[in-house]
Every structure is written in structure tokens, then in C-alpha cells.
């Protein structure tokens, strides 16, 4: 399969590597969309080597013998990180803090497939979230870092139409927070200095932005 490698400052290329294998409750996913999160630091700095990626959306193409929650052909969001799947943290949805994470390299006997800037990746079946047919891969891939923290913040604060929300920093997560707060009917203000982000926020409906 192909994966992305950084070859210099803001420069990338494709290289051929082995396809990942599945085992246990792992599934192999063909990646159709993978947003860029903190990896952009490596891309901009030119720190050469494979460009990671930790979230994506795609189609299940193969499953391990103990994978029962997904099947080939399923459209899914690939959740980041790993977990044991049985501790209180995993069961409550906080698997990223699990203290007994499974290692796909050991379980599947692989050295590839654990990142998402590749053609294929592997993930445990319970960390693959099914997609409705009318949701595109590009939109779905934003469900993790792009919109996940934003959704949780709005949900935890129970933001409603009676609230005014101030978003400090209108980067990807900040814009996601603003979008969800606006959807919930809130008045949204922002703090941002980047002209491009300021314009995006204004186009979305952010009422006032302090730069």
C-alpha cells in the first residue's frame, strides 16, 4: 500500500509499504478521508519520515476472527488511539486514557497500519463507528479531533439559545465549537488574529471577533 512521508519543509511524497494484517478483533479499513491534526507541525517543519495521522473515515475491507461489530463493506469512522475495551475508562468512552492499551503491532504482527495517512489501517472493531449512508467520508472524518471535543464541550455546558459563548482561538477545533454552539442557537463571539480564520468565522455566523 501507499503511505505519505515528509521529504522536506511543506513537502511530501508517497512510498510503498506492506499492507497491514488483521487478527483478534481488529478490522482493516480502506481510508477515504483523513484530516490533518497536530501532524501539520511535522509537515511545516520538514521533519522527514512517515507522516502519522490518527483519525479517518473509510470502508471495512477485512475483519479478524473475533471482530463481530463490523463487517466488510461497512462505512466507518476510525477512532484514534487504542484501549483494552473492558476497563471503566474504555466503557465510559474515555478509552484514550486506558492504562492497558492493546498494541496492534504485537497482536496483528505488523509494523504498518497503525496510522491513517496510508491506504489502509487497522483498528479494534469497537473503535469503528458506523456511518449513515447520507454522510460523506469527508464530513465523517471530522468527528474525532475536529468536532469531538467541540461537541463534548457544548454538551457538557448544555449550551442553548439563552447563552453567549466566547471561543478563544478559531482554529479547526475552535471553529467546530463555534459551529456547534451556533447550531444549538447560542450567540457566539470569538478571539482570533488570523485573517483567514476570522473570515471563516464571520461566514459561519460568529457575531463579533476580537483580534
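The numbers here are math on the coordinates, done by the rules we state, and not lab data. All values reported here derive from a predicted model rather than from experimental measurement. With ideal geometry, Cβ positions are generated from the backbone for all residues, glycine too; neighbour counts draw on all protein chains shown.
Multiplying the residue separation of residue 157 and residue 89 by 0.36 nm and subtracting their alpha-carbon distance yields 22.4 nm. What whole-number distance in Å separates the alpha-carbon centres of the range 1-73 and the range 170-192? Here the answer is 29 Å between Cα centres. Taking the square roots of 5 times each eigenvalue of the Cα gyration tensor of the range 1-61, largest first, gives ellipsoid semi-axes of 24, 13, 9 Å.
Measuring nothing but how far apart in sequence close Cα pairs (under 8 Å, 6+ apart) lie, relative to its length, the range 148-210 scores a relative contact order of 33 percent. Neighbour counts of C-beta atoms inside 10 Å place 29, 106, 188 in the sequence 106, 188, 29, starting with the fewest. Per-residue ellipticity at 222 nm computed for the chain from its helices equals -6000 deg cm²/dmol, with DSSP H segments shorter than 4 residues left out and the rest contributing -39,500 (n - 2.57). Round to a whole angstrom and tell me the spacing of the C-alpha centers of the range 112-166 and the range 86-108. Using only Cα atoms to place each centre, the spacing works out to 18 Å.
Here the relative contact order of the chain, from alpha carbon pairs under 8 Å that lie six or more residues apart, stands at 19 percent.
Sorting 33, 82 by the number of Cβ atoms found within 10 Å of their own Cβ, with the fewest placed first, yields 33, 82. Helix 148-157 and the longest principal axis of the Cα set of the chain meet at an angle near 50°. Nearest-5 percent of antiparallel DSSP beta bridges in the chain? In the chain, approximately 75 percent of DSSP beta bridges are antiparallel ones. Against the empirical curve 2.2 N^0.38 Å, the C-alpha radius of gyration of the range 28-134 lands at a ratio of 1.09. As a length-normalised measure over Cα pairs under 8 Å and 6 or more apart, the relative contact order of the range 1-99 settles at 24 percent.
Mean projected area of the Cα convex hull of the range 148-210, taken over all directions, amounts to 3.5 nm². Neighbour counting of Cβ atoms within 10 Å sorts the residues 59, 192, 111, fewest neighbours leading, into 111, 59, 192. Normalised radius of gyration (Cα atoms, divided by 2.2 N^0.38 Å) for the chain: 1.12.
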